[in-house]
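The values are calculated or read from the model by the stated rules, or taken from the named source; none is laboratory data. These numbers were taken from a predicted model, which means no experiment stands behind them. Quick reminder, even Gly has a Cβ in these numbers, built from the backbone with ideal geometry, and neighbours come from all protein chains shown. Side chains are part of the model used for accessible areas, which takes the heavy atoms of the whole protein and leaves out ligands, DNA and RNA. Shrake-Rupley method; radii C 1.70, N 1.55, O 1.52, S 1.80 Å.
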Amino acid sequence: MQNFFSFFLILSFQLLVSQQNPPNIILMIGDGMGLSQISTGMYANGNKTILEEFEYVGLSKTHSLDYLITDSAASGTAMASGVKTLNRTVGIDENKNKQKSILEICKEKDFNVGLVVTSEIVHATPACFYANVPSRYDYEDIALQLSEHSVDLFVGGGEDYFNKRKDKRNLLEEMSGYTFVNSLEEFNKTKSKKIGFFTYPGEPPPKNLGRGPSLESLTEISLNKLSKDKSFFIMVEGSQIDWGGHDNSLNYVLSEFKEFDLAIAKALEFAKADGNTLVIVTADHETGGMALSGGNVKRSRVRADFTSGSHTGTMVPVFSYGPYSNLFRGIYDNTAIFDKMLTAINGER
């Protein structure tokens, strides 16, 4: 009887804490990952994907303000800040007004915040969460804005934009308070509150050409670090699913999707154990007009055709798990992803 009473008190306390604290948010973006990429990756992976374990599925309309076919900058801004904007612009609206991102709003609410990507950290999608520039290709300006930002943890390529700049500045030396690590082991061991991990000087190579460290390991370590003392927000991007679509390379798409799927599994494992974590998995757009055109389910073989070397305008899935996950059902503009995350962190019902 006494053991039961103790268990009841512990459970009640955990529920109370869960109700008082805003949920953690893990936003996972498979760049270029449409339904065909997911379907093809699933069948090539023994007819299974961790996405099957999510509670709800919705659909997101990805068009930008000026084009039916979006780019990653406009769609990233829509999800990060809740506004439709022009292609190629990062964190600003059509009138060049700066927009505050969900990451920045979370930081104002005393969350820990992080970014983990398989592209350069200054690439369009991650940049939308901390930068405000008229062109996604202003990489050195984007790097400068990250150096002046309050992101607690970031992982990605693109170190050269920080320390081999045209203006001769070494931003790494200017980023006081940060610990920069050079390996997965160092990343795991450091106790620093501010961590930068440049995985490559420039653009990271494809997974099937040996890119490392693995996205699932980076995700797992990042979640452990960000969750130690307060609520957190993290955006994790499987960046190169998109690049495989641009190349019309099935093998490229499959290897990137499989790694992203493993990273999603780490996020879902964390959320299930934590009980107060919202996980959202979506894409900024589809790339390649990819169609699953044949294969063999028992042998995990697939065949695909591509109709484009660029992005397409098809809607993309939104998978959700955890508190407030029911908000992500239905069909809506990609700007609504921001609105729904904001509802979650504000504790609205």
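General remarks:
- Span-rule helices in the chain, defined as complete DSSP H runs reaching 20 Å or more along the axis (Cα) with Kyte mean at least -0.5: 2-20, 250-274
- Note on the range 223-286: along the principal axes its Cα atoms extend 43, 18, 17 Å, ordered by decreasing extent.
- Placed amide H near Gly295: partners under 5 Å, 5+ positions off or other chain: Arg303
- Compactness index (Cα Rg / 2.2 N^0.38 Å), the range 38-104: 1.45
- Solvent-accessible area assigned to carbon and sulfur over the chain amounts to 50 percent, based on a 1.4 Å probe.
- A viscosity of 1.306 mPa s and a temperature of 10 °C, combined with the Kirkwood radius over C-alpha pairs in the Stokes-Einstein formula, give the range 88-180 a diffusion coefficient of 117 µm²/s.
- Distance from the Cα centroid of the range 326-349 to that of the range 294-309 is 34 Å (rounded to whole angstrom).
- Loop-located chymotrypsin sites (Phe, Trp or Tyr not before Pro) in the range 102-193 whose Cβ has at most 16 other Cβ within 10 Å (DSSP): Tyr137
- Cβ-Cβ FRET estimate between Leu68 and Lys191, R0 fixed at 51 Å, reported to 0.05: 0.60
- Tyr56 long-range amide H proximity, modeled H, under 5 Å: Ser320
- Separation of alpha-carbon centers, the range 91-154 and the range 156-221, rounded to whole Å: 16 Å
- Computed E for Glu108/Ser39 - FRET, C-beta separation, R0 35 angstrom, nearest 0.05: 0.35
- Fraction of the pair-distance distribution of the range 194-349 above 21 Å, Cα-Cα pairs, percent: 56 percent
- On full extension, the segment bounded by Ile331 and Thr307 gains 6.2 nm, given 0.36 nm per residue less the C-alpha separation.
- Here the chain is treated as a Stokes sphere of Kirkwood radius computed over C-alpha pairs; at 10 °C and 1.306 mPa s its diffusion coefficient rounds to 78 µm²/s.
- Eligible aspartates and glutamates near Lys207 by straight Cα distance, threshold 17 Å, same-chain separation 8 or greater: Asp31, Glu120, Glu216, Glu237, Asp242, Asp247, Glu256, Glu259, Asp261
- Inter-site label distance for Phe180 and Asn163 at 7 Å from Cα along Cβ, in nm: 0.3 nm
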